[in-house]
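Any read-out appearing in this document is the output of simple, stated calculations on the displayed coordinates, not a laboratory observation. Every value quoted in this text rests on a predicted model; they were computed, and no experiment measured them. Cβ atoms come from the backbone with ideal geometry, glycine included; neighbour counts cover every protein chain shown.
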Amino acid sequence: MTFVDNFNRFVLANLGPLFSGLWVTVYVCFWAFLLALLLGAVVCFVRLRVRYLKFVAIAYVEFFRATPILVQLLWVNYVWPELFGFPRTVIGAGILALALQSSGYLAETFRAGFEGLPKGQREAAEAVGMSRWRIIWRIELPQIALVVAPMVINQLAVVVKSSTLVSVIAIADLMYAGLKIVNQWYEPIEVLTTIALAYFVLIFAISSIANYAYTHFQTKFGLVTQR
Amino acid sequence: MLSALRQMLDPSLFWEYRVVLLQGLVQNLSIFVESAILAMVAATIVAVAQLGRSRVIKWIATGYTELCRNTPEYVLLVWVYFVLPLIISKMIGSRFRLDPHVAAVIGLGVAYSGFMAETLRAGLRSIHPGQAEAATAIGDVVLQDAATDHPAASAAPNPARHRQPARLAVQIDHHRIADHGAGHHVPGLDDQRRRDAADPALYRRSGALLHRHHRGDASFPGADRALAQARLVVT
Amino acid sequence: MLDQAQPIIRVTDLHKSYADTEVLRGISLTVAPGAVVSVIGASGSGKSTFLRCLNFLERPSSGTIAIDGESISIGHGPASSARGIARLRSKLGMVFQQFNLWPHMTVLGNVTEGLTQVKRMGRKEAAEIGRHFLTKVNLLNKQDEYPAKLSGGQQQRVAIARALAMQPKVMLFDEATSSLDPELTIEVLEVMRALANDGMTMLVVTHEMGFARDASDRVIFLHNGRIEEDGSPDKVFLAPSSERCQKFISSALS
């Protein structure tokens, strides 16, 4: 059986399930990333501004950065419903676990952005007479956003890569759909290669955007940023 | 919630299943060590390949790195375990099977070699090019001396070789004076050093002069000062 | 001599301490409108701290500050009122050693930011004023560039235009040329001299002895947080009464 034959038999014939798997992947990654941004911002704020909860924030970040994503997925999916009563669905568990993991990295990224901002920026704004909130909104946040953008976009790529593991807790994502086909027909070459390519294209696109942001922002604004 | 916690957190379970858990841990550790070694070896090869001269090799190396960094590790693992044996069996004609442990080591090693290659490449690129220049200069001088040390050459001693150190000293001096002459601020030694270090030719000559000195070959008027300058540039 | 109106800056017995070190030990100063005052001294003498206390970028520990007749209270405990500080800052324009231009805005954006955000001007009006001051510093052609594309001297001139656009009564220069290469220092000093000729009151902390000697009306030598020498450039440079000042000047000019 040639490659093209097999491709037609296993990939093209199953495009339906594969695409719905892709949709689930996109859905899970989107919500997980959004939640991660929110959680990361909150934790970063607590770490920098709320004196008494500083250690809680540090512990949170260290914990979620040190534990593997698979362990977190299983933990959130099987243990949390017993302990906290939520999440009630596997999709919720997948989104939550991915978000928790990324929020640790994002909190650190935001913190590096805040602390890397030169003090003189704020002073120049104060000398001109701007009020505190205006300085934060018009001077500090825009610069921090530009500086952390490449790393944040990279983190989206990481979320997509980690999302491949949610098939383990029975979320019907792209990987799950592919493995199901492989288990049915046991002709893995074409299906798995196609899925690998699909993930590659998606993640490569995201990384390229991050790279573009990195070089573009550096030349245009002269901001020192990290990849 | 607390009652559920007390129900769930039964530490005696850990003790009961200690053998199984420890076996699993040993598996994890062995896979980790083996794949780490594989990743470092592969990364070194790829990073060095990217420094080479052949454009094709550089292209392949970059392609490999991008492939490894942009494919999810889980997908790579599954692919190595399921697809690779089939491809190899089709090539060698007979049935080929991959032990799960080996598949894991290969999959993880390849996956992380991409990241490591990037790190190594950044590290290699951050080494100042002047250092390589100085090394070549010293290498040049060594080869040159080796040639003239040859018994056949000593019959007709090369006077130019003895003039070399003094000439180097003058050239080094010229560079520093040229910089001063441009009217640059010389606020501190650090700035001057930085400027000197940025000039590869100066680096090269300083390296060569120091090598001469090591061989006991650099005695000429003004040698001390020239050597001091050369040391400042190269360190 | 025409009797001057009340001094535009009146500082009495200003003290500033950080933890256990006292940086300013009782500075008293009056500056007439239109005067160009250079402040010189060794590093650590408190020159920058003094300047920054004037617009409350550093909080003084005690003393009084009055700008253009309006004084502000300096308390030990409760902070001076935010409104008082804002009024103070509206009369002072500051130019920093590190320029501190906002990199995510264009040159024109930098200059008009204070006008639109603090003075609540409309964009068109602010842009007109911004362009006027950019022309004054010879950088109108760069109005749509981002600061990263400008040289150090150009950035500092934009910073001067930004401060001028707020139309302050006094311009404060905190070592404005110290981080510039000599070729670029010249263009900034030219702008400063032109500003002085226009009659702006300027307080210039500087290492540029040429400017202090030729372009200023008055030179103040600070040492260890106290004014040790205060007089016309001729007096301070040629016949200083304090020995430390003499030593400083001779080492600075060599």
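Based on Cα contacts under 8 Å between residues 6+ apart, chain C shows a relative contact order of 25 percent.
Remark: region A:87-133 is approximated by an ellipsoid whose semi-axes, taken from the C-alpha gyration tensor as √(5λ), come to 39, 13, 4 Å, largest first. In chain A, Cα pairs under 8 Å separated by at least six residues give a relative contact order of 28 percent. For residue C:30, the residues whose amide H sits under 5 Å from its own are C:11, ignoring neighbours fewer than 5 places away on the same chain, with H placed 1.01 Å from N.
With the Kirkwood sum run over all distinct C-alpha pairs, region A:143-206 has a hydrodynamic radius of 13.2 Å. When the Gaussian network model of chain C links Cα atoms closer than 10 Å, the mean-square fluctuations of C:65, C:160, C:27 top out at C:27. What longest range of chain A stays clear of loop-exposed chymotrypsin sites (Phe, Trp or Tyr not before Pro) (DSSP non-H/G/I/E/B, at most 12 other C-beta within 10 angstrom)? Here the longest run is A:85-185. Let me make sure I get this right: for chain A, a, b and c are the square roots of the gyration tensor eigenvalues over alpha carbons, sorted descending. Under 1.5 in a/c it's rounded, otherwise prolate if a/b > b/c, else oblate. Which is it? It comes out oblate by the Cα gyration axes. The GNM of chain C, with springs linking C-alpha atoms under 10 angstrom apart, assigns the highest mean-square fluctuation among C:41, C:199, C:114 to C:199.
Other protein chain C-beta atoms within 10 Å of residue C-beta, averaged over A:131-144: 2.
Do the alpha carbons of any pairs in C:91/C:119; C:16/C:47; C:136/C:169; A:119/C:142; A:119/A:220; C:119/C:169 sit beyond 19 Å of each other, and which pairs? Correct reply: A:119/C:142; A:119/A:220.
Peptide A:185-195 has a mean of 3 when you count, residue by residue, the C-beta atoms of other protein chains within 10 Å of its C-beta. Applying the Karplus relation 6.51 cos²θ - 1.76 cosθ + 1.60 with θ = phi - 60° to region B:54-64 yields 3J(HN,Hα) values of 6, 5, 5, 5, 4, 5, 4, 4, 4, x, 4 Hz, where x marks Gly and Pro.
Arranged from fewest to most other beta-carbon atoms within 10 Å of their beta carbon, A:216, C:15 become A:216, C:15.
Ordering A:194, C:21 by the number of other Cβ atoms within 10 Å of each residue's own Cβ, fewest first, gives C:21, A:194. Mean per-residue shielding of peptide A:75-85 is 2, counting Cβ atoms of other chains within 10 Å of each Cβ. Report P(r) for region B:11-126: all Cα-Cα distances, bin width 10 Å, range 0 to the bin holding the largest distance, values in whole percent. It works out to 14, 32, 30, 17, 6, 2, 0, in whole percents. When you restrict to C-alpha pairs under 8 Å that are six or more residues apart and normalise by the size of region C:93-240, the relative contact order lands at 24 percent. Name the shape class, rounded, prolate or oblate, that the alpha-carbon gyration tensor gives for chain C, where a ≥ b ≥ c are the square roots of its eigenvalues, rounded holds for a/c under 1.5, and otherwise prolate holds if a/b is larger than b/c and oblate otherwise. The shape class here is oblate. Put simply, the amide H of residue C:41, placed in the peptide plane, has neighbours under 5 Å in C:222, leaving out anything fewer than 5 places away on its chain. Looking at chain C as a GNM with Cα springs under 10 Å, which of C:103, C:33, C:147 has the largest mean-square fluctuation? Sorting by GNM fluctuation, first place goes to C:103. Taking θ as phi - 60° and the Karplus parameters 6.51, -1.76 and 1.60, the scalar couplings of region C:141-149 work out to 5, 9, 5, 9, 7, 8, x, 4, 8 Hz in sequence order, x denoting glycine and proline. Derived scalar couplings between HN and Hα for region C:184-198 equal 7, 4, 4, 5, 6, 4, 4, 4, 5, 5, 4, 4, 5, 5, 6 Hz in order, rounded to whole Hz, by the Karplus curve 6.51 cos²θ - 1.76 cosθ + 1.60 (θ = phi - 60°), x for Gly and Pro. Can you say what percent of the DSSP beta bridges in chain C, counting only those with both residues inside, are antiparallel? Round to 5. That works out to approximately 55 percent antiparallel. With neighbour counts taken as other beta-carbon atoms within 10 Å, the residues B:53, B:69, C:59, C:213 rank, fewest first, as B:53, C:59, C:213, B:69. Sparsely packed loop sites in region A:1-110 (the trypsin sites (Lys or Arg not before Pro) outside DSSP H, G, I, E and B with at most 11 other Cβ atoms within 10 Å) comprise A:88.
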